[in-house]
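Have a look at the structure below, then the notes.
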Amino acid sequence: MLPTLDLLLQACPTVEATPDAARYTPFAQGRYDVKPGLRPLGTDFKNGCADRQVFQLDSNYSHYHQLKQAARAEQLSKYYQTHEYPPAVATAIAQFIAHRLQQDQPQTFQLSTMGKQPTLHNQRTGETLTFDATWQLQGVSGQPSVAYASALDALASQIQEDLAVICQQGERHWVSAIHLCFPNYWAPAEKIGQDFATVHAPVAGMEKLNQRGQILSNSMIMHPPSVRFAWGLSTDTRLNHHPQSPQGISDARWQGRQFMPQQPRLFVRVERQVIWGFPAVNAALFTIRTYFWDCALIKHRPELRSPLVKALQSMSLDALVYKGLAPSKDAILAWLN
């Protein structure tokens with residue numbers, strides 16, 4: 001395995017370079033807007049059984065897994081935070097993830113619930129997680145160099161998705177857990193314990209949705225499982241863009257986001273987000289799976305290039321600034337065209 005710093009900077013293969021990757025093109029609607037855009041989980045996006053899965057695995061699994069371990073080795077608290085994470089919620093979330101992994105990926109994960117200590121075995125890594133009756137982590141065979149801090153930390157480290165948990169009590173709701181090894185310019189420490197409006201306050205175009213934060217939180221908990229998508233442009237395919245650069249890597253090298261017309265590199269970063277509610281414990285699980293499309297190849301696909309250009313043209317100045325695209329919009333459009 002590469003050293004931690006080299007791994008953190010390593011590029012992720014694109015969708016085009018991954019034959020078994022699910023393909024989602026939310027930018028193909030030809031307009032950029034900020035809205036819930038919720039669809040029932042299982043909606044057919046032409047990816048077969050992957051569209052029905054909460055947790056998707058593909059041939060890039062090793063890359064995602066190694067980068068999660070590298071992020072944890074760099075500084076676990078940068079990527080994993082909890083705040084008022086009730087034991088009942090922790091139990092429900094851990095139990096769900098373990099059972100759903102076996103359901104979604106039976107060739108990789110084997111769950112045994114015989115006896116008093118459930119175990120989950122990961123065929124790809126050789127790790128076996130052991131839990132007690134309340135799904136607290138009891139032990140790990142094949143444990144990584146950085147010990148798992150909890151069941152959620154251990155389970156989140158087995159998958160290609162990032163995770164967040166939302167809790168609600170009366171008229172109050174808050175983010176109670178975040179495991180985010182692939183952040184897109186935001187930090188768990190800034191969002192943990194905050195409500196919907198505070199979490200999304202920096203996002204351009206979220207003003208109306210933020211006014212409905214309590215309603216949306218309740219909807220995530222009470223409604224059937226759903227899926228939505230978010231997207232933006234990136235000048236690299238690095239998964240980890242934490243706003244704080246790791247020690248040993250300069251801020252200029254870490255931050256990126258500078259489009260250079262003389263050496264153009266541009267990618268669409270797509271997030272597939274699944275929301276699964278747990279009404280019995282007043283909580284919801286939010287998953288984020290990141291994919292990249294290569295714009296150098298999109299340029300030669302008019303059915304994707306044209307709507308991408310229109311979507312970029314439709315972005316407000318606030319949205320361009322938020323996504324770091326304001327200085328390079330004209331150069332990007334010229335290159336795409």
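The values are calculated or read from the model by the stated rules, or taken from the named source; none is laboratory data. Predicted model only: the values in this text are computed from it and were never measured. Neighbour counts are summed over all protein chains in view; Cβ atoms, including those assigned to glycine, are modelled from backbone coordinates with ideal geometry.
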For residues that are assigned to a helix (DSSP H, G or I), free of Cβ contacts under 8 Å to residues at least 24 places away in the same chain and touching a strand residue (DSSP E or B) at 6+ places or on another chain (Cβ under 7 Å), scanning just the range 94-112, find the one that is surrounded by the fewest Cβ atoms within 10 Å (Cβ to Cβ). His99
Condition set among the charged types (D, E, K, R) and closer than 22 Å to Ala92 by Cβ, scope the range 172-206, selection modelled with the highest pLDDT: answer is Lys191
State which residue is farthest from the chain's Cα centre (by Cα) when the search covers only the range 92-125 and only residues that are basic (Lys, Arg) and farther than 23 Å from Gly277 by Cβ. Lys116
Please verify whether the range 264-278 includes one or more residues that are surrounded by fewer than 18 Cβ atoms within 10 Å (Cβ to Cβ), free of Cβ contacts under 8 Å to residues at least 60 places away in the same chain and either more than 21 Å from Ile97 (Cα to Cα) or of a type in the set (Phe, Trp, Tyr) (or both). yes
Please give the number of the condition Val89 fails out of (1) free of Cβ contacts under 8 Å to residues at least 12 places away in the same chain; (2) within 25 Å of Gln273 (Cα to Cα). (1)
If you take the residues in the range 279-306 that are farther than 25 Å from Asp58 by Cβ and touching a residue at least 60 places away in the same chain (Cβ under 8 Å), which one is surrounded by the fewest Cβ atoms within 10 Å (Cβ to Cβ)? Ala280
Starting from the range 138-150, keep only residues that are over 16 Å from Ala98 (Cα atoms) and free of Cβ contacts under 8 Å to residues at least 24 places away in the same chain, then list their pairs with residues that are in a loop (DSSP other than H, G, I, E, B) and of a type in the set (S, T, N, Q) whose Cβ atoms are within a distance under 7 Å, requiring at least 6 positions of separation or different chains. Gly142/Thr125
Condition met for Ala154 (under 17 Å from Cys181 (Cβ atoms) and either of a type outside the set (D, E, K, R) or in contact (Cβ under 8 Å) with a residue 24 or more places away in the chain (or both)): yes
Under the condition of being assigned to a loop (DSSP other than H, G, I, E, B) and charged (D, E, K, R), which residue from the range 217-247 is farthest from Arg265 (Cα to Cα)? Arg238
Failed item in (1) surrounded by fewer than 18 Cβ atoms within 10 Å (Cβ to Cβ); (2) touching a strand residue (DSSP E or B) at 6+ places or on another chain (Cβ under 9 Å), with Thr82 passing the rest: (1)
Would you mind telling me which numbered condition in (1) surrounded by fewer than 18 Cβ atoms within 10 Å (Cβ to Cβ); (2) among the hydroxyl-bearing types (Ser, Thr, Tyr); (3) in a loop (DSSP other than H, G, I, E, B) Ser62 fails? (3)
Which ones in the range 19-45 are assigned to a loop (DSSP other than H, G, I, E, B) and in contact with a Pro (Cβ under 7 Å, 6 or more places away or on another chain)? Gly30, Leu41
Would you please list the contacts, defined by Cβ atoms under 7 Å and residues six or more apart or on different chains, that run from a residue in the range 308-337 that is among the polar types (S, T, N, Q) to a residue that is modelled with pLDDT under 90? Ser314/Arg31; Ser314/Tyr32; Ser316/Ala204; Ser316/Gly205; Ser328/Phe259
Looking at Arg289, Arg253, Arg272, which is the one that is of a type in the set (Lys, Arg) and farther than 22 Å from Ile159 by Cβ? Arg253
